[in-house]
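Remarks on the structure that follows.
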Amino acid sequence: MEVKIERENAVVTAYLIGRLDTPASLEIAPQVNGLSADAGGKVILDCSELSYISSSGLRIFLTLRKAAAEKGGKIIVRNISNDIRNVFMMTGFLNLFEIQ
Amino acid sequence: MAPVPDQHAQDLLAQYQSLLPVYKQMADVIPEKLKGFFDEAGIIVAAVEHRVKSEESLAGKLKLKGGKYRDIFDITDLVGIRVITFYIDDVDKVASVLERLFEIDWENSIDKRKAHEIDSFGYLSLHYICRIPESAYTNPEHPELNRIRFEVQMRTVLQHAWANMNHDTGYKSGVEIPRVYLRNLSRLAGMLELVDDEFSRIRRELSDYRRSVQKLVASGNLGEVQLDGDSFKSYLQIGPFDMLSRRIASINQAEIQPVDLSAFLGVFKAMGFKTLGDLAALIKDYSDAAYQIACFQMGITDLDILSSSVAPQNLCTAYILKNGGGRAGLKLMLDALNGPSESNGFMADFLLEQTKDLPFMNK
């Protein structure tokens with residue numbers, strides 16, 4: 001699992017690459033926690049190369065959402081595959097994020 | 001050339017100049033403190049304005065009636081604060097906050113609302129002359145702070161608008177205004193007074209409505225309660241979907257993340273539900289079907305987190321499918337909840353595929 005972070009003006013884009021399972025969630029947690037600091041602005045989670053998400057991965061998304069809600073920012077989830085979209089739908093996460 | 005003020009006026013102006021920093025501080029600090037107290041009291045005000053009388057304006061006042069004042073502390077409007085409320089009822093609430101905070105000089109305070117004859121209309125405002133009591137605040141560097149009186153004007157936005165328009169006519173300039181204009185202004189004052197009363201009446205009626213809805217929801221008479229923003233909010237407070245959420249969460253011993261469910265109001269209304277009783281019937285009649293959908297979707301996963309929106313989402317899904325809404329109905333629901341998107345069509349197809357063989361679809 002790899003996370004590439006790009007910052008441009010006030011927008012932070014995190015490219016999530018690989019499988020976001022429980023071990024990967026633990027691995028990327030420090031990087032994602034770092035993104036919470038940017039949650040007052042616009043944070044884009046690009047999932048075009050994310051092949052799987054577990055509950056631990058969903059919790060990471062939720063942590064960012066909470067940080068954004070507290071700071072008045074916005075989390076955008078971009079380019080999710082249909083499988084991951086289905087996971088978002090069945091867990092009720094689909095309407096928690098702006099999906100692009 | 002401007003006339004030279006007399007000695008008494010000059011003394012008063014000198015006192016004013018030496019106290020000017022204190023006046024400015026009061027004009028800055030008191031409104032901020034007031035805003036905090038209004039927040040605590042739940043009073044929403046449109047604005048709190050302040051000003052310190054300019055030296056030029058004071059000189060003009062002293063020229064007209066300088067002999068009336070023994071010293072600068074006899075002049076009560078050097079610091080002026082104006083609180084503008086949205087509702088007429090709130091003028092009295094603001095006044096009660098002031099009464100708790102300051103010493104009110106009742107002799108010089110005036111309620112212009114009571115000053116009118118029964119057949120006259122015009123300036124309506126409540127003016128309090130206040131002083132900061134020593135028990136509330138003292139400043140050893142400025143002991144005179146507790147001697148300085150200041151004026152607080154309280155009025156509604158409409159009264160404020162009228163006062164400004166009236167002021168613009170320049171009636172104080174000495175130019176005689178034709179009677180017809182004064183009568184028009186007076187008519188307008190009467191109309192705005194009616195509008196102020198109407199706003200307050202509507203607010204009172206809305207509060208009564210909300211209380212009655214809460215009472216009906218609490219008593220279980222849901223069939224009598226129209227489905228709208230207020231009633232749905234009250235209904236959500238009793239957690240109508242909680243039991244189904246817990247049942248769904250038990251599939252994977254999942255943790256439930258509570259989320260705002262207000263977006264479902266539009267979906268329920270689009271589905272033709274008119275009362276909270278209709279929603280209660282939906283929960284009663286479709287909970288098993290909603291649970292079946294969740295079992296099918298989550299049973300083969302190890303997902304142990306879900307949001308509280310799954311229960312109403314699955315209820316809507318089951319209702320739409322059982323009542324012939326099909327793909328179009330599902331897509332409309334998903335568009336309403338997630339924002340319109342082509343991908344909602346894919347999700348609708350997916351839901352159709354997942355549910356087609358579930359027991360509730362074949363009953």
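The values are calculated or read from the model by the stated rules, or taken from the named source; none is laboratory data. Please read all numbers here as calculations on a predicted model, not as lab measurements. Don't worry about glycine lacking a Cβ; one is built from the backbone with ideal geometry, like all the others, and counts go over all protein chains shown. Please note that ligands, DNA and RNA were not included when accessible areas were found on the heavy atoms of the full protein model with its side chains. Shrake-Rupley method; radii C 1.70, N 1.55, O 1.52, S 1.80 Å.
When the Cα positions of B:191, B:81, B:267 are compared along the charge dipole of the protein assembly as shown, B:191 comes out farthest toward the positive end, with charges on each C-beta of Lys, Arg, Asp and Glu. Centre-to-centre separation between the Cα atoms of the range B:77-106 and those of the range B:231-280: 44 Å. Backbone amide hydrogens, once placed in the peptide plane, bring residue B:50 within less than 5 Å of B:82, excluding anything fewer than 5 places away on its chain.
Of all beta bridges that DSSP places with both ends in the protein assembly as shown, some 50 percent have antiparallel geometry.
I need the shape label for the range B:239-362. Rule: rounded when a/c is under 1.5, else prolate if a/b > b/c, else oblate, with a, b, c from the alpha carbon gyration tensor. Note, shape of the range B:239-362 comes out rounded. With respect to chain B, whose longest principal axis is taken over its alpha-carbon atoms, helix B:276-298 is tilted by about 60°. Taking 7 Å steps out from each Cα toward its Cβ at residue B:360 and residue B:262 produces label points 2.7 nm apart. Helix B:343-355 against the longest principal axis of chain B: what's the angle in degrees, Cα atoms only, rounded to the nearest 10? Result, in degrees: 40. For the residues of A:50-57, the average number of beta carbons from a partner chain within 10 Å of their own beta carbon is 2. When peptides B:348-358, B:199-209, B:282-292 are ranked by their average number of other Cβ atoms within 10 Å per residue, the highest-first order is B:282-292, B:348-358, B:199-209. For the residue pairs A:71/B:274; B:284/B:331; B:33/B:114; B:35/B:68, the C-alpha atoms sit more than 26 angstrom apart in A:71/B:274; B:33/B:114; B:35/B:68. Residue-normalised convex hull volume from the C-alpha trace of chain B: 251 Å³ per residue.
Solvent-accessible area lost on pairing A with B (1.4 Å probe, both sides summed) amounts to about 1900 Å². The Cα center of the range B:139-161 and the Cα center of the range B:309-325 differ in position by 59 Å.
Taking a ≥ b ≥ c as the square roots of the eigenvalues of the Cα gyration tensor of the protein assembly as shown, is the shape rounded (a/c under 1.5), prolate (a/b larger than b/c) or oblate? Don't jump to the answer; show the numbers that get you there.
On the way: a/c = 3.26, a/b = 2.11, b/c = 1.54.
It comes out prolate by the Cα gyration axes.
Stretching residue B:10 away from residue B:300 to a fully extended chain increases their span by 95.3 nm, per 0.36 nm per residue minus the current alpha-carbon distance. Computed from the C-alpha gyration tensor, the three semi-axes of the ellipsoid equivalent to chain A are 19, 15, 13 Å, from longest to shortest. Compared with the dominant principal axis of the Cα atoms in chain B, helix B:55-65 is inclined by about 60°.
First measure r as the distance between the Cβ atoms of residue A:37 and residue B:184, then evaluate 1/(1 + (r/R0)^6) with R0 = 56 Å and state the FRET efficiency to the nearest 0.05. The value I calculate is 0.40. Summary of the geometry: the range A:1-79 and the range B:1-68, compared by the centres of their Cα atoms, lie 55 Å apart.
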